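The values are calculated or read from the model by the stated rules, or taken from the named source; none is laboratory data. Only a predicted model underlies this, so the values are computations on that prediction, with no experimental measurement involved. Because the Cβ atoms are built from the backbone with ideal geometry, glycine has one as well, and the counts that use them run over all protein chains shown.
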Amino acid sequence: MNQALLVVDIQNDYFENGTNPLEGSFHASINASRIIGRFRDESLPVIHIQHIALSPTATFFLPDTVGAEIHENVKPLESEKLFVKQFPNSFRETGLLDYLKEMEITDLVICGMMTHMCIDTTVRAAKDIGFNITLIGDACATKELKIGHETVSAHEVHNAFLAALNAYFATVIKTKEFLAEK
């Protein structure tokens with residue numbers, strides 16, 4: 001088993017005073033930081049994903065803005081790999097898959113934002129490619145969504161997406177459980 005950590009889109013716009021704040025983003029970033037610490041301590045690969053929006057109608061993650069920068073709680077080290085993406089799927093039109101193959105990675109631990117969008121899409125893509133995935137549920141965050149006249153709370157959205165990914169697509173666990181392993 002060759003394992004790597006994938007930290008997806010933990011960027012300033014998702015935090016308080018950002019242009020698209022998520023519920024629980026700060027708490028999730030602290031948990032992600034703890035997972036990153038474990039990987040760094042064990043000299044295992046930490047890979048960061050940064051979304052930069054190129055669409056003229058985009059309202060967040062705009063190029064060359066503070067909001068698009070990776071949050072200080074999970075800042076990459078110079079030695080860590082960073083991939084920039086423009087789509088929810090972290091594999092689409094990035095060098096991520098080639099890099100993982102080159103590193104002979106078979107298992108991914110994933111955390112980041114937004115649970116219902118980029119995390120869901122990236123986990124499903126990784127499973128389709130053949131990776132074994134552990135998803136750190138409390139190191140992810142999302143927001144409330146609307147369907148028709150109904151509002152679905154961020155808590156419900158988060159849990160529904162984690163539940164849908166659990167078992168077949170990933171093993172969903174909490175930070176404390178992951179850190180207690182080994």
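May I ask you to verify whether residue 137 is of a type outside the set (Phe, Trp, Tyr), in contact with a strand residue (DSSP E or B) (Cβ under 6 Å, 6 or more places away or on another chain) and within 23 Å of residue 49 (Cα to Cα)? Criteria met by residue 137.
Quick check on my filter: what residues within segment 142-168 are out of contact with any Leu (no Cβ under 8 Å at 6 or more places or on another chain) and part of a loop (DSSP other than H, G, I, E, B)? Within segment 142-168, 144, 148, 149, 153, 167, 168 qualify.
Sub-6 Å Cβ pairs linking a first residue in segment 65-81 that is at pLDDT 95 or above to a second residue that is surrounded by fewer than 16 Cβ atoms within 10 Å (Cβ to Cβ), at least 6 apart or interchain, are 67/19; 68/52; 76/82, ordered by first then second residue.
Residues considered: 167, 154. Of these, the only one that is modelled with pLDDT under 95 and over 17 Å from residue 31 (Cα atoms) is 167. Among the residues of segment 53-64, those identified as at pLDDT 95 or above and among the small types (Gly, Ala, Ser) are 53, 58. Which residues, taken from segment 1-23, are free of Cβ contacts under 8 Å to residues at least 60 places away in the same chain and on the phi > 0 side of the Ramachandran plot? If the condition is that a residue be free of Cβ contacts under 8 Å to residues at least 60 places away in the same chain and on the phi > 0 side of the Ramachandran plot, then 17 is the only one that fits. Restricting attention to segment 39-70, report how many residues are closer than 26 Å to residue 105 by Cβ and polar (S, T, N, Q). So the count comes out to 2. Filtered by the rule that a residue be surrounded by fewer than 13 Cβ atoms within 10 Å (Cβ to Cβ) and among the aliphatic types (A, V, I, L, M), segment 152-182 gives 163, 167, 180. Out of curiosity, is residue 91 aromatic (Phe, Trp, Tyr), crowded, with 17+ Cβ neighbours inside 10 Å, in contact (Cβ under 8 Å) with a residue 24 or more places away in the chain and touching a strand residue (DSSP E or B) at 6+ places or on another chain (Cβ under 7 Å)? Criteria not met by residue 91.
Pairs are defined by a Cβ separation below 7 Å, a sequence spacing of at least 6 or placement on different chains, a first member in segment 27-52 that is touching a residue at least 40 places away in the same chain (Cβ under 8 Å) and small (Gly, Ala, Ser), and a second member that is buried (at least 19 other Cβ atoms within 10 Å of the Cβ) and not in a strand (DSSP E or B); the pairs so defined are 29/10; 29/71; 29/74; 32/10; 32/74; 33/74. Residue-level check: of (1) within 19 Å of residue 70 (Cα to Cα); (2) without any contact (Cβ under 8 Å) to a residue 24 or more places away in the chain, residue 149 misses just (1). Of the residues screened, residue 134 is one that is over 24 Å from residue 61 (Cβ atoms) and either buried (at least 18 other Cβ atoms within 10 Å of the Cβ) or among the β-branched types (Val, Ile, Thr) (or both).
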